[in-house]
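A quick write-up on the structure given underneath.
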Amino acid sequence: MAGFEVGTVRVGAFPIVSANFLPKILRVIGEKYPGLTFELYEGTIDEIKQWLDSRRIDVGWIIPPSNELETIPFFRDELCLVLRDDHPLQSRPTIHITDPDNEPMRWVCNADLRAVPAIRSHFAHQI
């Protein structure tokens, strides 16, 4: 970060990142570069992309893919798909992230469902 030891960094993030990752990251960076200050802008992924485009923020956390922005992977997470035994995707050896796009309902949960015995026993595939 040569040349960036003093000043304000405007950071855009969606709520999960600003609550779970940014406090520690900004604390560590702040300890190493005490001349830096941070302004946090919390919003949706689309808002963060707009803020980057308009230069309202200097850096932003988004969920890839993003063909229009240069991205650097920050965190990789295991995704799991829970299916009924008779679901058409259940028999596939591999499921692509877009395969469930046309399903009538999808539920996104940030919880670790593997910890729930009733659900853990029904994991069909990991994406």
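The values are calculated or read from the model by the stated rules, or taken from the named source; none is laboratory data. Keep in mind the model is a prediction, meaning the values are calculated, not measured. Positions of Cβ are backbone-derived with ideal geometry, glycine not excepted, and every protein chain shown enters the neighbour counts. What goes into the accessible areas is simple: the full protein's heavy atoms, side chains included, and nothing from ligands, DNA or RNA. Shrake-Rupley method; radii C 1.70, N 1.55, O 1.52, S 1.80 Å.
Can you check what the net charge comes to around Asp58, using other residues whose Cβ is under 12 Å from the Cβ of Asp58 (Lys, Arg +1; Asp, Glu -1)?
On the way: positive: Arg10, Arg55, Arg56; negative: Glu39.
In short, +2.
As a test of reading the structure, rank His87, His96 by solvent-accessible area (1.4 Å probe, protein chains only), most first.
Values: His87 20, His96 105 Å².
Ranking His87, His96 by accessible area, largest first, yields His96, His87.
What GluC sites (Glu not before Pro) in region 1-84 are in a loop by DSSP, with at most 15 other Cβ atoms within 10 Å of the Cβ?
On the way: sites: Glu5, Glu31, Glu39, Glu42, Glu47, Glu68, Glu70, Glu78; in loops: Glu5, Glu68, Glu70, Glu78.
Those satisfying the criteria are Glu5, Glu68, Glu70, Glu78.
From the Cα gyration tensor of region 1-86, with a ≥ b ≥ c the square roots of its eigenvalues, which class applies: rounded if a/c is under 1.5, or else prolate if a/b is larger than b/c, or else oblate? It would help to have the intermediate numbers written out before the result.
Details: a/c = 2.48, a/b = 1.76, b/c = 1.41.
Cα axes put region 1-86 in the prolate bin.
How much FRET efficiency would the formula 1/(1 + (r/R0)^6) give for Ser91 and Glu70, where r is the Cβ-Cβ distance and R0 is 35 Å, rounded to 0.05? Walk me through the numbers before you get to the answer.
Numbers: r = 38 Å, r/R0 = 1.10.
Working from the Cβ atoms, E equals 0.35.
Using heavy-atom solvent-accessible surface (probe 1.4 Å) with all chains present, what is the largest-first order of Lys49, Lys24?
Details: Lys49 45, Lys24 135 Å².
Putting Lys49, Lys24 in descending order of accessible area: Lys24, Lys49.
Given H placed 1.01 Å from N in the peptide plane, which residues other than close sequence neighbours of Val82 have an amide H under 5 Å from its amide H?
none
Using DSSP to define loop residues, name the trypsin sites (Lys or Arg not before Pro) in region 56-105 whose beta-carbon has at most 10 other beta-carbon atoms within 10 Å. Walk me through the numbers before you get to the answer.
Values: sites: Arg56, Arg76, Arg84; in loops: Arg56, Arg76, Arg84.
When the trypsin sites (Lys or Arg not before Pro) of region 56-105 are filtered for loop state and at most 10 Cβ neighbours within 10 Å, Arg76, Arg84 remain.
May I ask for the net charge around Ala13, where only other residues with Cβ less than 14 Å from the Cβ of Ala13 are counted and Lys, Arg are +1 while Asp, Glu are -1? Write out the running numbers ahead of the final one.
On the way: positive: Arg10, Lys24, Lys49, Arg56; negative: Glu39, Glu42, Asp46, Glu47, Asp58.
Overall, the nearby charge balance is -1.
Please work out the FRET efficiency for the pair Asn102 and Asn20, using the Cβ-Cβ distance as r and a Förster radius of 30 Å; give the result to the nearest 0.05.
Details: r = 31 Å, r/R0 = 1.03.
It comes out at approximately 0.45.
Taking the Cβ of Ile48 as the center, what net charge do the other residues with Cβ under 15 Å away carry, scoring Lys and Arg +1 and Asp and Glu -1?
Details: positive: Arg10, Lys49, Arg55, Arg56; negative: Glu39, Glu42, Asp46, Glu47, Asp53, Asp58, Glu68, Glu70.
Result for the neighbourhood of Ile48: -4.
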